[in-house]
Amino acid sequence: MPHLLRFLLLSATPANAGRIILQIREQLRLVGAVDPRAALSKKLKGKASANSTDGAILDTLRSGLRFKTMLCEAFLKELKSVDRPKDHKVIDVWLIMLIYANGGALQKSAEKMLKSKILQGCIRETLFDQCIHGNTELVKVHFMSFLSVSDYLLASKEEKAREFASYLFTVLFEEFSDTYSRQELVGSLVAHIGSGVSYEVLSSLDIMISLASSHSEELIPISSHITGILDYLESFNEDNLRKVYDIFCHLALAAGFNTASGGSSVANELLMVVRKQVSNPDMKYRRMGIIGALRIISTMAGVDVNSAVNTSSQQPNCEEALELLKMSVNSCKFVTLPLIFLYDELAVLLESKVLHSAILEWIGDYLAEFDNSFLTDLNNGELPEKHLYDGIEGELWMNLDGNLSPICVNIMPLASTLPQKSQPCLQILSSQCSILTTVERLVNEGSLGGLNALLGCPLHLPSTKHLDGAKWGNLSGLQKKAVCHSLYYAINWIRELLNAFSTQVASRVDNFSQKARDETAVKLLKRLRNLILLEGLLNAFLKSYPLYLPELRYLGNCSGSTSSSKFNLPKKIGEESMDGTSSNKRQKGRKYKTASEKMNPDDKLKQPTILDAFKRAGVTVSQPTNRASSQPSSSGMTSKDIEQDPNYPGELGLVDLMAAPVQLDMQRFKFRILHTRCLSLLNYSECQDSSCSYLETELPIYLYLLRDLHNKLDNLNPATKPFLSTSQAKSSHVHCPKRTQEFLDIIQPLFLVIRKHLDGAISMIKDESESCIDNWSSHSSSAGNPDIPYVVISKSSIATAVLKEILGCYSKLLAIPDLLNQPNMSILKQLLQTLQPTESFDDILSEFQPCLAPSNVDYLYCGACKMFEDIMDSVCSSSYLLSSDVLITMQSIVNSVVLLLDGSGESNQKKVQIGCSKAIIPFLRKRLGQSAHKLLTADHPGEDAENGWQSKGDRIQKILQIYLRNSESTSDLLCELSKALPEVPSTKTLEDASNGFPTLCSSTIPSWYRVLHEENTGSLNKTIKQALKTRALSERGSVDTILEEIQKSVEVFVSLIEKCKSHEKVSMHAMAVKHGGKYIDTFLKAFNFLETQFKDHNAIILKMLKELQKATRIIQTICSEAKVQLINDSVHDAHCHICSMLRTVRRSCTGLQADNDHKQSASCKEIHGAVLVPSQGAATQLLHREEILDGQFEAQGPARPCGELPSVWKRG
């Protein structure tokens, strides 16, 4: 067989190469294993395969393919045409590997072919099983090729390719037991771990953990190669650090952790490294040590581990783990943030791992000091003594237990003393509460009954009399700081209580009755009312007195001064830096500006007002607050009554509790995180009386949770994050499918209740009356909130904020890629089922034949779109911004369908028949475009008078983009809208809406102008790509269609450029030059296509070139009048190409020599030129005109020769 195969390969020609490859694939069967007796008899390494039949065949194929490139190309072409998994054979894998091993130009083609087949699911693990398992001697010669291919797949962006690489690494490790092969394999994995590419590092660590857990004893002899991972620790995030230490813990556990009895060198080295890191003063290394120490403790003191190991070694392991824990706590005891990080990591470990009872007992004894540090005893619910702290009197806030409360949280006294004495103590309050409640639940089988007093006890905070009226302004800087810090620590204390006690209501606890669960839920809802008030107050105080808040959790690389500089927050002298040391030296001589003193760059272009002059002169100006006089305060007072009150705070203004806390959100990344299980409180209600509507009383509570859900969705899907979002400063993390799946499983039961709150918000918007204004006040008082007159809340602000947050949550949910995977299809269906309209909508689906089934996904998508259309109709008359939010949510539905149906590669292969047709995509896009048109033609005179269309410029841009991209013909719509622009005056008049688009007026025309330019350039780019992809267009109609689309695009471009001539705004001129250059850059890509089609379509091509010439002259005029040079070479590039093409055409058509091939003199300054006279033919006229322009370019400066390719062509 090898000799016959050699003859066939040598006689291969281009004519029979495909036939030979076809016969090889059909006839050769490389499945059998090498004869073990023959393999054992060979002494020379790698020669066994050569003496076997399969080995000889592979050698023949390798040598034949090396010198016959056409055979390799024929095989790759043949394999590309095979699209069914069952038609792929073992010989295909070997041929790919042989082509790859031969190197050369086809090596990359072989890589790409293998990866493509893996992503398509055609080449599966079973084929490689047949190649590798049992064929060690046969594969040994090609081991490095298999390893290189595994490296290539592991470095791929596609998750499926990396999963296949994980399989290859595992099977190669198991099949090859020699030291050399395993050292190469481990060294390759270590190199990938140090690559710095997030997804590559994550997959490589997962492979190494898998090998260390299942083959730990076999890895011990080559552990010195694995220790190279320690060189990359500094660049790893927390998740990757845990995995690294898990690898070494597996090895150390297999070798023996007992250092006292001369344990393994792996364990000794690991313990030595961790001890050094924990004791390091640099937080970067201390963080590594804390994670490493806790992973070691988890390994040594875990109950499952101790049950598996010898009983005699169990006690020494626990003692070693306890000593390591004590050393870690003592090293962080006097440095705040490392101690917070240690507490948080330990709490997570206790929840995920069952540790030895000795560890839990020591932690419980250690936390016994919590009562003495942070709690104070009460007498009948009152403080035994009242003192002044830095001149501020304290009082009890938010007492849910009344006189029965035996204790209070001692925040105000600790926050008012010197920072170096109190702040480290209060900074660890929340984290210590977290670990305290975790230990309590572990000891008491999930119940927190022993700590129930913490949930209802009051908080010792500053007296409200210091917060009323002008008294806030009379406080000193240190007193204001103490007040702000007190509220800040109170907020985070309550957030940690929510985290702890939500476990009692989110899941069933055996020794916790239903009555106790309901009472706990009511208390948690009251604590949410406390949070709303505290955050509203602190946000108002920070607006008046900007302050850098201390960090209450570890922030990674985004902590310390980086965060303060990012948000322009003044870090006060004496506050602690990340490592706990004072940052006075670094701040010496540095001047900080407060947020109010920072000037927006756009403000430099504005005319200063009288108020600005007063502010610079130091004059305090009281500005009227635009609040409706009917807005009730927490005490039921209206804003009109408050302004007449002597305690009216002119400096703070009215505090709307439903407004987004902008100042707090800038530092939200420092807060304690609310766990996802807290969202289960959306299902609970305080109202036991059916006559009391939950809308006004409880929607504010749910709004707080919905904002947190929105924030979590932003973190879960960073690609959808807006610029400078509330969580912008969080340390970046790699997308984790496991974390996403856990999140989806938790929020799945909440879909129905979110829809309920959505309907409630819409009904409140429809009901314009301000009924039940006392509902919030009465419930706020029952939650222990103090009565503060200038705190207000309105029904309209509640409804608007809730609707806005829910719409944002729906948009972010539908944008999660993992939601569209097959395992989560039931979650997607359940989400869509909650988004169906209340009335039947089958009439709008009559165009579908056959009819859509109500149980199918496509029907549910259409229903969701119809529901949001109905919502838009309900809110369109009341709020333009809310309507635009609804439209953006509708767009997320369309995007979700497109991603589900038009996915390619790995994601497309994961999907099965789900009952969704591509026919709904044009249907949904049509509905989306109609809704966008409805918004663009809507007129809101009241809203326009208050805020102006100019403030909605960004929204109008988004709506216009949706309208253009979802129309039946974008090019025709662009032509229509570009013609409407000249009808809009450059200054405001009463005739702004004469064009049929009230949103197209003098104040919004820059937004429209920008979007039309961008969409026109994008439309041209798509048309050109379509033309270039089809090298030879067989039908004349296709060419005509493409040329017509290009002609329409040129007409739109010329119309837009001509518009800026009569416009007085400089920004319009700047956009014309900027987008004009981009458009011409795109147009130049079509010149090859235009030249090939000029002979048959010269009329339309000459017409578009003449039109394009007009636009280039206008751009030149703008630059000349502004006395600036052209910002790019695109105009000159276009001139060179037009000039060159027309000369070529004229020579070929008329036979004339290029006697006019000269330039005009540099003194030619006539930019506009004369009207073309049709006496010499269109081509000659246009050429003369371009020669005049060429002289103008030479007058501006040295120009590139026309024969030289412009930069755009050099780029590709």
Measuring from a point 7 Å past the Cα of Met144 along Cα-to-C-beta, which residues in the range 61-85 have an amide N at less than 18 Å? 62-63, 66
Between Val1066 and Asn683, 0.36 nm times their residue separation minus their Cα-Cα distance comes to what? 132.4 nm
Lys829 paired with Leu22, simple spin-label distance in nm, labels 7 Å along Cα-to-beta-carbon: 4.5
Note down the net charge around Thr834, summing +1 for each Lys or Arg and -1 for each Asp or Glu among other residues with Cβ under 13 Å from its Cβ. +2
The FRET efficiency for Thr838 and Glu361, from their Cβ-Cβ distance with R0 = 45 Å and rounded to 0.05, is 0.20
Using a Förster distance of 22 Å, the FRET efficiency for Asp178-Leu230 (Cβ separation, nearest 0.05): 0.30
Return the long-range amide H neighbours of Leu375 (sequence gap of 5 or more, or a different chain), with a cut-off of under 5 Å between placed amide H atoms. Asn410
Pseudo-spin-label distance Glu269 to Ala368, built 7 Å along Cα→Cβ, given in nm, is 4.2
Among 797-803, 870-876, how do they line up by average Cβ neighbours within 10 Å per residue, starting with the highest? 797-803, 870-876
Order 381-393, 496-508 from most to least packed using the mean count of other Cβ atoms within 10 Å. 496-508, 381-393
Once amide hydrogens are built 1.01 Å from N within the peptide plane, the residues lying 5 or more places from Met658 or on another chain with amide H under 5 Å from its amide H are Ser794
With 31 Å as the limit, write out which pairs from Lys526/Lys866; Lys80/Lys1078; Lys140/Lys353; Lys80/Lys1029; Lys515/Lys804 have Cα-Cα distances beyond it, or answer none. Lys526/Lys866; Lys80/Lys1078; Lys140/Lys353; Lys515/Lys804
Once R0 is set to 30 Å, what does the formula 1/(1 + (r/R0)^6) return for the Cβ-Cβ distance between Gln930 and Leu1028, expressed as a FRET efficiency to the nearest 0.05? 0.35
Pop a pseudo-label 7 angstrom from the Cα along the beta-carbon direction at both Leu442 and Glu968 and give the gap in nm to one decimal. 6.7
Give me the number: length gained by fully extending Val898 to Gln741, i.e. 0.36 nm times residue separation minus the C-alpha to C-alpha distance, one decimal in nm. 54.3 nm
When you count, for each residue, the other Cβ atoms within 10 Å and take the mean per peptide, how do 324-331, 955-962 rank with the highest first? 955-962, 324-331
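A short reminder: the numbers here are calculations on the coordinates, not readings from a lab. If you're wondering where the values come from, they're calculated on a predicted model, not measured in any experiment. Positions of Cβ are backbone-derived with ideal geometry, glycine not excepted, and every protein chain shown enters the neighbour counts.
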